[in-house]
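K.L.:
Here you go, one structure.
Taken together, the values in this text are just the output of simple stated rules run on the coordinates, not laboratory data. Just so it is clear, the model here is predicted, and its values are computed rather than measured. Positions of Cβ are backbone-derived with ideal geometry, glycine not excepted, and every protein chain shown enters the neighbour counts.
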Amino acid sequence: MLNAQALESTNCKQCNEPLSSKQKDFCCWGCKTVYQILNQDSDFELINPSQKLKENYQFLDDPHSNKNYINDSGELRVYVEGIQCTSCLWIIESLPEFSKDIYSSELDMSQNIVTVKAKSFYKALQLLAALGYSPRPLKIEDQAEKLLLKSQKKLLYKIAVAAFCGGNIMLLSSSIYFGVEGTLLRVFEVLSLIFAIPVVTYSSTPFYLNFYRSLVLKRASIDAPIVVAILFGFLLSSWNLVLGSTHHYFDSLSALVFLLLVSRYILSRTQQGVLKLNLLENFIKDQRLRKYDPETKKWTWVPNKLISKGDFILVLADEKLPADGQVVSQAISVNPALLTGESLPKTLVKSDLCFAGTTLLSDKAVIKVTSKGSETRLGRTLNQVEKQLHSKTNLSLKTDHWAQKFTYFILSLGALSFLGFSFINPQMAIERTLALIIIACPCTLAFISPLIQSLSIKWAARSGFLIKSASAFEKLENIKNIVFDKTGTLTKANFKVISTSRELTVLEKQLIFNLERQSDHPVARALVQFVGPQNITQIIDFKESLGEGVSGSYNSEHIKIKKIMSHTHSVGFFKNDILEFTIELGDELKDNLKNQLQWLQKHYNLHILSGDRHHIVESLADQLNIPASNIHSNLLPEQKQKVIQSLDKVMMVGDGANDTLALAYSDVSVAVNAAVDSAVQASDIYINKDNLQLEKLMKMSNYVAKLIKTNLLISLVYNVSLGSLALMGFIHPLWAAIIMPINTLLVLGFNVFMFYRGRKAL
Amino acid sequence: MNILVIVIPLAVIIGLLFVAGFVWAAKKGQFDDLVSPAHRILLDDLKENKKESKKGNKK
């Protein structure tokens with residue numbers, strides 16, 4: 001066994017990748033599973049299922065509801081998190097070995113998308129989750145997305161044509177520069193012109209199209225100067241050729257087009273298009289429900305669209321409620337964390353209202369539907385989010401902005417010099433103006449800005465930040481306020497015991513363990529975890545009732561553990577109805593949070609927005625040193641949105657369905673790990689690692705912002721000095737042809753080096 | 001220098017052949033995923049490591 005040999009403990013046992021301090025033995029779940037499969041003779045069996053599915057994806061197996069997800073060839077595309085190395089690829093592509101219901105699975109590591117063919121897609125998702133990769137099924141692309149993919153491919157063809165023509169032109173021009181004369185010179189010149197035609201008419205079409213679009217929308221665009229440079233350069237060069245001068249710039253022109261196309265192609269590939277709108281759309285509309293059929297008196301699965309108001313539906317433990325409704329069961333317990341941000345489970349009794357999106361904690365519940373799909377509270381919020389996201393316009397980037405200003409300056413300077421020189425010598429006027437435009441064209445700017453963007457997106461992705469569009473990253477620099485959601489963002493989703501009113505005896509610990517282990521309530525789980533495994537003792541008359549805690553008898557003494565009403569955070573231990581001690585519970589802060597917030601506190605205003613009760617939020621803010629004036633509690637999603645709108649230059653960090661509106665309205669939005677799909681969709685940045693490393697994100701954006709400024713300065717110096725030389729008539733086309741690629745290479749090298757340095761420093 | 005009459009068109013034709021090849025590859029999806037194939041080539045090693053490696057894996 002080659003790679004299974006145990007090496008140093010600092011490397012992954014399977015793939016030998018260096019481990020971070022938090023990881024133990026393995027770098028990822030794939031490695032762990034592969035290691036287990038290779039070393040134990042168990043044939044593709046899961047030894048330790050890592051996690052359960054967070055949402056109910058059963059509808060994917062129902063041919064009536066899965067149309068939006070399964071494409072014509074019967075494939076489902078799933079976005080997975082946590083892909084690290086070859087082991088992940090192996091284990092995911094071996095899914096058919098685990099279950100006969102899966103026919104094939106193929107992983108695209110560049111986008112983290114698995115394409116699955118299966119009899120049961122639900123099973124495939126379950127397996128992926130069990131392997132440790134949180135799966136999110138993607139909708140099939142709509143028309144617009146298909147067009148986008150097509151245009152990306154077309155861009156490749158255009159690059160190929162530009163490379164071919166540009167290469168030939170360069171060969172021809174170099175012989176011109178080296179002194180070809182006579183007929184051959186004319187032939188070469190005409191050939192250059194012929195090769196330049198496809199570059200101008202075919203390869204450059206994306207620029208014309210973008211320019212036209214920005215004209216229609218009356219918005220300034222970086223493509224305007226490029227279009228001017230290409231068309232002017234081509235026409236004036238051709239004119240010069242007709243006049244018989246050797247001053248033409250077909251070679252620089254085609255090199256420019258080629259470089260710009262390549263940098264744009266790279267950028268479009270690095271942006272995390274998967275997380276964009278519509279692909280991750282909330283599937284509440286596609287959900288299947290168990291409906292009560294009065295004729296057969298049985299629960300049957302039906303698609304959501306066949307449910308109407310007044311129908312009875314059945315929901316089981318750990319499932320999310322699929323519709324708003326009234327509780328029909330006696331009493332149920334739900335976890336509203338994702339919908340409202342409340343950390344504590346809620347008890348609902350008969351005829352209480354319950355809302356789609358809350359998770360059921362009780363074994364089962366019967367609900368009378370009052371509204372479904374987009375009419376539910378959750379659905380309405382999501383509709384509003386979608387509207388807001390559609391209306392958000394893409395702000396133009398700062399580099400683009402500077403490039404434009406600069407170009408208009410150059411163009412007017414060119415026009416002036418043309419007018420001025422044309423009084424002296426029209427031929428010279430054309431030559432010098434042409435040299436100025438070609439040399440000083442903001443090609444470095446236009447080329448550098450997508451380059452820096454794609455490098456920074458890649459850098460961020462490596463550190464665990466998936467960035468949807470480059471503009472979000474640039475906007476980070478101006479952020480003044482950072483707003484956090486509480487539940488799930490600052491705290492872990494589950495509770496922890498914080499303190500007890502006195503030391504517990506061994507017997508008491510045993511009793512707590514034996515009573516609470518029989519309950520599935522989150523509080524019970526926290527208590528069991530707190531006391532740790534204990535000896536089994538005989539409890540008789542065990543009873544669990546909602547809102548009343550658990551009770552039982554031991555040695556003829558009646559023991560009861562229940563919530564103390566006035567104090568929602570504590571439970572009391574009663575012996576024969578006398579309070580013995582209390583246990584304080586709370587939601588647990590994420591690891592290392594305090595250290596991480598310390599730096600942010602120095603540079604930004606921090607706020608907390610929560611749907612949770614005031615005193616819970618307050619005590620948490622106190623621990624984190626966030627001033628009381630920046631705490632907002634008891635908020636509905638709409639109120640969160642209002643707070644966000646009242647703040648200037650704000651970044652929202654959240655995870656739940658109740659945060660989506662606020663996320664959609666903030667300047668930069670960040671969804672944290674394990675956020676619900678709709679929150680991810682509403683966000684610009686998604687942190688796919690467990691810790692909230694915002695400090696790193698902000699430092700990275702500042703570093704990149706500084707780098708952009710340096711680049712602006714460099715190109716300013718370059719353009720001004722060479723532009724003035726061109727105006728004075730010192731720049732021959734030969735020099736232009738030499739300087740441009742050298743300059744491009746230098747700038748490229750400089751930026752790659754700076755990113756390398758940044759990665760080391762941060 | 002008359003040789004150029006043949007050589008230049010020839011060079012152009014060869015170049016065009018390469019462009020055509022590139023377009024064909026792009027159409028086939030050769031450039032869709034540039035990461036996984038590099039890893040996939042290592043998979044056989046992993047499979048051989050498994051003592052009772054299963055035969056006939058479709059991949």
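K.L.:
What's the angle, to the nearest 10 degrees (0 to 90), between helix A:733-761's Cα axis and the longest principal axis of chain A?
P.N.:
Roughly 20 degrees between the two axes.
K.L.:
Also, I was wondering about something else. Which peptide among A:349-355, A:11-17 comes first, and what is the full order, when sorted by highest mean count of other Cβ atoms within 10 Å?
P.N.:
Result, highest mean Cβ count within 10 Å first: A:11-17, A:349-355.
K.L.:
Compute the helix-to-body angle for A:29-39: its Cα long axis versus the longest principal axis of chain A, expressed 0 to 90° and rounded to tens.
P.N.:
Taking Cα atoms only, the helix is inclined about 70 degrees.
K.L.:
Of A:V752, A:T376, A:I70, which is farthest along the charge dipole of the protein assembly as shown in the positive direction, counting Lys and Arg as +1 and Asp and Glu as -1 at C-beta?
P.N.:
Checked the options; the winner is A:V752.
K.L.:
Give me, ordered by chain and number, the residues 5 or more places off A:I102 or on other chains with an amide H under 5 Å from its own placed amide H.
P.N.:
The answer is A:K119.
K.L.:
So, one more: Placing +1 at every Lys and Arg Cβ and -1 at every Asp and Glu Cβ, with all other atoms neutral, what dipole size does chain A have around its Cα centre, in debye to the nearest 20? Please report the intermediate quantities before stating the final value.
P.N.:
Working: 79 positive and 68 negative charges, 270 e Å.
Value, rounded to 20: 1300 debye.
K.L.:
Same structure, new question: For segment A:666-682 and segment A:412-431, what is the separation of their C-alpha centers, rounded to whole Å?
P.N.:
55 Å
K.L.:
Okay, next question. Just to confirm a number: summing +1 for Lys and Arg and -1 for Asp and Glu over residues other than A:A196 whose beta-carbon lies under 13 angstrom from that of A:A196, what do you get? Before the final figure, lay out each step's value.
P.N.:
Working: positive: none; negative: A:E189, A:D251.
Summing Lys and Arg as +1 and Asp and Glu as -1 gives -2.
K.L.:
I've got another one for you. For A:A679, what charge total do you get from the other residues with a beta carbon under 11 Å from its beta carbon, if Lys and Arg give +1 and Asp and Glu give -1? Present the calculation step by step, with values, prior to reporting the outcome.
P.N.:
Numbers: positive: none; negative: A:D485, A:D655, A:D659, A:D677.
It works out to a net charge of -4.
K.L.:
Roughly how many whole Å is it from the C-alpha centroid of segment A:91-122 to that of segment A:483-555?
P.N.:
Value for the Cα centre distance between the two parts: 39 Å.
K.L.:
First select every other residue whose beta carbon is under 14 angstrom from the beta carbon of A:S422; then total the charges, Lys and Arg +1, Asp and Glu -1.
P.N.:
0
K.L.:
Using the structure shown, select from A:K309/A:K364; A:K492/A:K602; A:K100/A:K309; A:K350/A:K590 the pairs with a Cα to Cα distance greater than 31 angstrom.
P.N.:
Result: A:K100/A:K309; A:K350/A:K590 exceed 31 Å.
K.L.:
With the radius of gyration and the Kirkwood radius both derived from the Cα set of segment A:49-140, what is their ratio Rg to Rh?
P.N.:
Value, to two decimals: 0.92.
K.L.:
Tell me the angle of helix A:377-391 to the major Cα principal axis of chain A, expressed in degrees between 0 and 90 and rounded to the nearest ten.
P.N.:
10 degrees
K.L.:
How big is the gap, in Å, between the Cα center of segment A:691-762 and the Cα center of segment A:360-390?
P.N.:
The two parts, judged by their Cα centres, are 49 Å apart.
K.L.:
Out of all DSSP beta bridges in the protein assembly as shown, what portion is antiparallel? Express it as a percent rounded to 5.
P.N.:
So the antiparallel bridges in the protein assembly as shown amount to around 80 percent.
K.L.:
For a quick check: with amide H placed at 1.01 Å from N, whose amide H comes under 5 Å from A:R517's, ignoring anything fewer than 5 positions away on the same chain?
P.N.:
Placed amide hydrogens put nothing under 5 Å from A:R517.
K.L.:
Would you mind calculating the relative contact order of chain A from Cα pairs under 8 angstrom and at least 6 residues apart, reporting the percent as a whole number?
P.N.:
RCO, chain A: 11 percent.
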